[in-house]
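> Sharing a structure, written as structure tokens. Questions coming.
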Amino acid sequence: MTALVAPPPAAGPDYAARLRAHYREVARRLAGDVKPPAPRAPAAPAPASAAPPVVDGPQARGRALRILRAVAEDYQVGVDDLLAFSRKQAFIEPRHVAVWLVRRITRAKLSTVGRLVGERDFSTVSNSVKYVEIRREREVVFRLRTDRLARRAEAEQP
């Protein structure tokens, strides 16, 4: 699987500028402004009784971007902040929620979700999903907020 954009090399005086450009490029690719990679061979059709199909490709990127926008608006942060590698407390919870929603709505593999939300590793995605699931079990207010976001994100799907 190919990455959306290779992260810039660390170090150097212009690192911050290169990192901002990297996040803008990832956001552009998620928005579909850049030609997507060549499509893969189609998978075998699923049985009629199976769950809805997993969303992949440009459709998944569009859904991921809509989810990121909804979460960013709800938490009053920027989409770039969700895609950034920042460890600021203000961005951690919304990023976890965004990853959980992308995984839940697209039903994509962990590695695919990682690509969709800013070049994250599958283990990071797994960690985010577990974090949200545990908090949903323990905190009613958090569960209500994530349920509302999930309904909103699913309603915005084409």
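We did not get these values from a lab; they are worked out from the coordinates using the rules stated. This structure is a prediction, so every number in the text was calculated from the model and none was measured. Heads up, the Cβs are rebuilt from the backbone with ideal geometry, glycines too, and the neighbour counts pull from every protein chain shown.
> How long is the gain from Leu144 to Gln89 if the chain were fully straight, where each residue apart is worth 0.36 nm and the alpha carbon distance is subtracted?
Numbers: separation 55, 0.36 × 55 = 19.80 nm, distance 2.09 nm.
Taking Leu144 through Gln89 to full extension adds about 17.7 nm, to one decimal.
> Please turn the phi angles of the range 148-155 into ³J(HN,Hα) values with the Karplus equation 6.51 cos²θ - 1.76 cosθ + 1.60 (θ = phi - 60°), one per residue in order, whole Hz, x for glycine and proline.
5, 5, 5, 4, 5, 5, 5, 5
> Among 60-67, 135-142, 112-119, 90-97, how do they line up by average Cβ neighbours within 10 Å per residue, starting with the highest? Write out the running numbers ahead of the final one.
Details: 60-67: 22.1, 135-142: 12.4, 112-119: 24.5, 90-97: 19.4.
Descending packing order for the listed peptides: 112-119, 60-67, 90-97, 135-142.
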